[in-house]
Structure formats: C-alpha cells, structure tokens
Amino acid sequence: MLKIITIIGARPQIIKAAAISRAIRNHFPDRIQEIIVHTGQHYDNSMSQVFIDELGTPQPDYNLNIGSASHGKQTAGMITGVEEILVKEAPDYLVVYGDTNSTLAAAIAASKMHIPIVHIEAGLRSFNKSMPEEINRIVCDHVSSLLFSPTLTGFNNLISEGFSYKNKSPFTADNPGIFHCGDVMYDNSLFFKKIATDKSNVLDEYDLENKAFILSTIHRNNNTDQPERLTAIFKALNKISTDNQIHVVLPLHPRTSKLLDKNLDSNLLEEVRSNPLIQLIPPVSFLDMIQLESHCQMVVTDSGGVQKEAYFFKKPCIILRPETEWTEIVDAGSGVIADADEKKITESYRQLMAKSGELNYPPIFGNGTAAEFICGVMLENE
C-alpha cells in the first residue's frame, strides 16, 4: 500500500486536502494510506478546525501546534517537526499544497531526506518575488518529483523554468513529472455546492436572501499592515456601497479584524461601522463561503483562492493586488486588477457591472476530477 503524508497548515490547504482525502476514500481505500500532519500555522479554530469538521477531512494524525511567529522562526519549527514525523513514518510521498510557510518547510525537510515530494498547485507565478508566497512556490516546485498544475499557464511556466513534459516515469527530483490536471478546488466547489445549499443558513443569518450584495475578503499582509492601502480599500468599499446602494459583506480574517483599529483611519472606521450597507462579520465556514460566493453580485478580494472560487461560480472579481498568479481570470475579462487604489477599485466596479451580462467563464480549471487524477499518477509512479 502506498503511504503518503499530507501537510496542511492554513485554511486553504485544509480545504484542498479534502478533495484528495475524498478521492482516496472513494476510489483508492485499499491502495493509498494517508497520514495528515497539521503544522498549526492557522491555529484559530475559526480558520482551522471548523473546516476539518465541516468538509469531512480526516482528523490530523499529528499537530505541530507551531502558531504564529516570524517567517524564520515559524519555518524552522515546522522543518524540525516535519522531519521527526518523516523519520518515524517513512512515507512513499510527501504531499504539499500551494505556497505557505507550511509548504516550504515540509518540502525542505523531505528534500533533505530524499522523500519524493508531490506539489499540488505547481507552476503558479505572480512574478513578484517580494511576495513570500512566490519564493515558497518556486522553491517547492524545484525540489518536487511530481508537479500538478491546475492551469495550462502554470504548466507552461514550469516548462519556461526548465521542466520537461517529456520526462518518463519513474519520476524523481532530478527527473520530475509535470502534469496539467485541473484544480482540486474546482473539484470541491462542484462537490460541496449542493451540500452548502442544504446546510448553510448564512444568507438567512445576515438577511441576504433577497438582496444584491458584494462579497469582499481582505487578509494579505501588504494590505492589512499598511494604513494607506487599508484606508484606500475601505474608502472604495464605502463609496461603492453608498453610491450604488449595494450591500457589502466582509467576513473578517482574525488578523484583519485586529488591525482595523490600529491601521484604519478612525473617522473612516466609524463611517464604515455606521454604514448600514456594510456588514463586517466573523470568519465563515467553507460551506457558508460557497453560499456567499454563489449568491453575490461580485467579489472584491486579495485572496488567490477566492478569486478562483468567484470564477467557478461565474462572478466578476476585483483583485486587490498589483498582480495575480491566476492570470487566466484576468485574460478572460471576468477579473480586474485594481490593487489598493480607491479610484481603480470604484472604476473597476463600474466597468464590470456595465458588462456583467457579456462576461465569459471558459472551463480553464478542469472537469472536477483533478484529485482522482493526482492519486492515480502517484500510484503509477510507486
């Protein structure tokens, strides 16, 4: 039986891992043994355990309980903890997702021990190395044996960096296999959409059932930690809601919530909190998020994952970053990069609403079977 260790640490990884765990349970229960290691990078219950419980992801076999710290201290603690588990379990593969410190730390630990690494969401590039995530994803790609890209652009990025699609099995770090497989998050969105409709009451809870609303999320450090950027974003949201009489629903990431009083202009914060059209709400579960995404008018976000989910549910998206690794969304015309620029954000809203009926959402994220494909490749290369 193939033994894999799956590394999770942040909310998006917990959600992505649900797709692989489900594929193993449904298609390969007698052929793949999965051991789940939670680094504790997201330790807040609202950002971690609630998703494990809700999505049916198996409870972690190990939890390193690393918590928050500087990049160096956090990564060092993860490397130490993951290494000890790898020595004990001796897996056939280490599976990592995305671009967090958990991803980087686990990849470094496994590469030193010559344990093959499977990188899900390989090849994504923002081409901005000032982003910690960009460094994490590049390093992880270049020590991996199996690289699964959710998009053709990501696949081509790998080829541009010297990876060859002509490599043959057995795949190793020196002879890596690269695959364009579709997105496991699309797998999840298709699977959980009906469940969310049946189980989520978030629309009723916040009286949104029959209201047009914008869904917004803000959590990236360069937005929350810089007062001028945070102020520009909230000025834009406040203006859009008031000028267009549209509700804005903003589930607040714990970090963002803590930094509002510190980094947002006090007068603006009072305006936002007193604006009846803006609802600042606690973090929501994955099923609630699916409901909000599938029923909103538009998404305004700095999250890479939420950009994609907006696309899955055919919603226009304003991107609160200077670039995106999901360039296909922008190329399709359904996403607009506005950064943290008040005028660009408000103008992007106007432009997207003006052509909302003409937007296209071509099937660039696969057919909903990416997780099954990934498991099959791991078994073939056993």
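No lab work stands behind these numbers, since they all come straight from the coordinates. Treat the numbers as computed from the prediction; the structure is a model and nothing was measured. Glycine also receives a Cβ, built like all others from the backbone with ideal geometry; neighbour counts cover every protein chain displayed.
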- Task: Run through the DSSP bridge list for segment 193-358 and note the antiparallel percent, rounded to the nearest 5.
- Result: 0 percent
- Query: Out of residues 5 or more away from I337 or on other chains, whose amide H comes under 5 Å of its own, with H placed 1.01 Å from N in the peptide plane?
  - Reply: I319
- Find, among the trypsin sites (Lys or Arg not before Pro) in segment 93-163, those assigned to loop by DSSP (not H, G, I, E, B) with at most 14 other beta-carbon atoms within 10 angstrom. K129
- Query: How about segment 3-42: which trypsin sites (Lys or Arg not before Pro) there lie in a loop by DSSP and see at most 15 other Cβ atoms within 10 Å?
  - Reply: R31
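Given charges of +1 on the Cβ of Lys and Arg and -1 on the Cβ of Asp and Glu, with all other atoms neutral, how large is the dipole of segment 105-184 about its Cα centre, in debye to the nearest 20?
Numbers: 6 positive and 7 negative charges, 37 e Å.
Dipole magnitude for segment 105-184 comes out near 180 debye.
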- Query: Is it possible to state the helix-based mean residue ellipticity at 222 nm for the chain, with each DSSP H run of 4+ residues giving -39500 (n - 2.57), the sum divided by total residues, to the nearest 500 deg cm²/dmol? What is it?
  - Reply: -14500 deg cm²/dmol
- Positive dipole terminus of segment 193-358, leading residue within V330, L352, N267 (C-beta point charges): V330
- Taking a threshold of 31 Å on the Cα-Cα distance, which of the pairs K199/K262; K194/K355; K3/K199 fall above it? K199/K262; K3/K199
- Note on the structure: Karplus-derived 3J(HN,Hα) from phi for segment 221-231 (6.51 cos²θ - 1.76 cosθ + 1.60, θ = phi - 60°), whole Hz, x at Gly and Pro, runs 3, 5, 8, 6, 8, 10, x, 5, 6, 4, 5
- Of the peptides 236-249, 312-325, how do they stack up when ordered by the mean number of other Cβ atoms within 10 Å, highest first? 312-325, 236-249
- Query: Working from the pairwise distances between different alpha carbons, so that the mean of 1/r is found and then inverted, what is segment 193-358's Kirkwood radius in Å?
  - Reply: 15.8 Å
- Could you list the chymotrypsin sites (Phe, Trp or Tyr not before Pro) in segment 86-178 that lie in coil according to DSSP, counting only those with at most 11 other Cβ atoms within 10 Å of their Cβ? F127
- Note on the structure: Taking 59-66, 213-220 and ranking on average Cβ neighbours within 10 Å, highest first, one gets 213-220, 59-66
- In the list (i) 17.6; (ii) 25.2; (iii) 21.4, the entry giving mean projected area of the Cα convex hull in nm² computed from the coordinates is (i)
